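The values are calculated or read from the model by the stated rules, or taken from the named source; none is laboratory data. Just so it is clear, the model here is predicted, and its values are computed rather than measured. Glycine also receives a Cβ, built like all others from the backbone with ideal geometry; neighbour counts cover every protein chain displayed. Quick note on the areas: whole protein, heavy atoms, side chains included, nothing else; ligands and nucleic acids left out. Shrake-Rupley method; radii C 1.70, N 1.55, O 1.52, S 1.80 Å.
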Amino acid sequence: MDVADALARAAAMVPADVVNEAGVTVVDVREHVDHDEWEVALDLLADLDTGWQPPTAWWDLLIDSAELMGLSDAAAWCRWGRWESIHGIVRAELRLLSPAEGGRRTPIPGKGVLRPLWDVGRRTAAGDPDLLVARIWVESAPALPPGATGSVRLGPLSPALWRHLQPGMTITMHEGRPMVGTATIIEASNTR
């Protein structure tokens, strides 16, 4: 399968009534595919993931397209989207403590590499916080610097243990014993 074929097959899976925030539809995607503007078509397709529940096969086509074009960042985002289509979405507004407050001294990389611990309200048998692991994807930025606040997506290692989260709840980020950030949940769903 070549890039144009993969993109065309992915476009065929998107319902005609799906529109992103910028007003883009699958018709726009098809135009770019027809004009061999594959990178633009891929970006637009990856942004048409709301308003319907894309199956993992759709994400697989986008991943294949990105890899065939050598677009590692786009492939990473599509893998993240595939994971969310299976396990659900957890989005939050994360405030990192500054180094003066005992927080991190380095930025959080934005592509799901960091896997800190989180206190999501669970307790051990001894009554201590039962910290859980989740990857972080920083939205709309390459990284989140110490002391900054930004929107993030969380990829829990054990998604079922996060199902109780609701918008407005606050959870804390830990790297060792002290807290290094607080996150307010802005979206939580079991599956897309």
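Tabulated data
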read-out: The stretch 36-148, Rg to Rh (Cα coordinates; Rh as Kirkwood inverse mean 1/r); value: 1.06
read-out: For the stretch 8-76 and the stretch 123-142, distance of Cα centres in Å; value: 31
read-out: Nearest-10 value in Å² for the accessible area of THR149, using the 1.4 Å probe; value: 80
read-out: Accessible carbon and sulfur surface of the chain relative to its total accessible area, %, 1.4 Å; value: 52
read-out: Positive-end residue of GLY127, ALA46, LEU61, charge dipole of the stretch 39-145 with Cβ unit charges; value: GLY127
read-out: Linear extension gain, THR170 paired with GLN53, 0.36 nm per residue minus alpha-carbon span; value: 39.4 nm
read-out: Exposure of ARG122 as accessible area (Å², to 10), given a probe of 1.4 Å and all protein chains; value: 90
read-out: Within a Gaussian network of the chain (alpha carbon springs, distance under 10 Å), most fluctuating of VAL40, VAL180, VAL138; value: VAL40
read-out: Distance between modelled label sites at SER140 and THR25, nm, 7 Å Cα→Cβ extension; value: 2.6
read-out: ARG135 long-range amide H proximity, modeled H, under 5 Å; value: GLY155, LEU157
read-out: Residue-normalised accessible area of the stretch 23-97, expressed per residue, 1.4 Å probe, Å²; value: 45
read-out: Whole-Å semi-axes of the stretch 52-94's equivalent ellipsoid (Cα gyration tensor); value: 20, 14, 6
read-out: Long-range amide H partners of GLU187 with built H, under 5 Å; value: ARG91
read-out: Bins of 5 Å, starting at 0 and running to the largest distance - Cα pair percent for the chain; value: 1, 8, 15, 18, 17, 14, 11, 8, 5, 3, 1, 0, 0
